[in-house]
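Have a look at the structure below, then the notes.
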Amino acid sequence: QVQLVDSGGGLVHPGGSLRLSCAASGFTFSRVAMNWYRQAPGKERELVAVISTTGSITNYADSVKGRFTISRDNAKDMVYLQLNTLKPEDTAVYYCHARFSDGRRPPQDYWGQGTQVTVSS
């Protein structure tokens, strides 16, 4: 079955960096665009970054543009989110996400379990 496993979160000081990873399985990874979302306490889940199937196209929320970088390795079925120059307002649970159809059903949303990022001095 489809599985997305997030990892790499932690506690970091303002200005620090983290690299989040998402291991995908159970589907043809190279055919699916991938996304990272985040959800801060008391706030709605928001889209942070997207990457196309080949990795040639990326897009970012304005709040993270220039600081975060999404990438993927189709040989390893992995997607990454490099977080640089972290701010306290980046504190959230970060989720890997994919939306696709298996050809028999309408597109479904798939989520990782989330990884906590805490930015604090």
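The values are calculated or read from the model by the stated rules, or taken from the named source; none is laboratory data. Just so we're clear, the structure is a prediction, and the values are computed from it rather than from any experiment. Backbone-built Cβ (ideal geometry, glycine too); neighbour counts: all protein chains shown. All accessible areas refer to the heavy atoms of the entire protein, side chains included, with ligands and DNA or RNA removed. Shrake-Rupley method; radii C 1.70, N 1.55, O 1.52, S 1.80 Å.
List of remarks:
- In summary, Gly42 fulfils each of the numbered conditions (1) within 30 Å of Pro14 (Cβ to Cβ); (2) surrounded by 18 or more Cβ atoms within 10 Å (Cβ to Cβ) with the single exception of condition (2).
- Applying the condition of being at pLDDT 95 or above and open to solvent by 70 Å² or more (accessible area, probe 1.4 Å) to region 108-121 and asking which residue is farthest from Leu20 (Cα to Cα) yields Asp109.
- Taking each residue of region 19-33 that is part of a strand (DSSP E or B) and looking for partners that are open to solvent by 40 Å² or more (accessible area, probe 1.4 Å) and charged (D, E, K, R) with beta-carbon atoms closer than 7 Å, six or more apart or interchain, yields Ala23/Asp77; Ala24/Asp77; Ser25/Asp77.
- Conditions (1) open to solvent by 70 Å² or more (accessible area, probe 1.4 Å); (2) more than 30 Å from Ser121 (Cα to Cα); (3) at pLDDT 95 or above: number failed by Gln1: (3)
- Condition met for Ser63 (out of contact with any helix residue (DSSP H, G or I) (no Cβ under 9 Å at 6 or more places or on another chain) and surrounded by fewer than 16 Cβ atoms within 10 Å (Cβ to Cβ)): no
- Region 88-121, residues that are of a type in the set (D, E, K, R) and touching a strand residue (DSSP E or B) at 6+ places or on another chain (Cβ under 6 Å): Asp90, Arg99, Asp109
- Number of residues in region 45-55 that are surrounded by fewer than 12 Cβ atoms within 10 Å (Cβ to Cβ) and farther than 16 Å from Asn74 by Cα: the value is 0.
- Top-ranked residue of region 4-30 - restricted to ones that are within 20 Å of Phe100 (Cα to Cα) and open to solvent by 60 Å² or more (accessible area, probe 1.4 Å), ranked as nearest to the chain's Cα centre (by Cα): Val5
- Criterion: open to solvent by 20 Å² or more (accessible area, probe 1.4 Å), among the β-branched types (Val, Ile, Thr) and farther than 22 Å from Phe27 by Cβ - qualifying residue of Thr58, Thr91: Thr91
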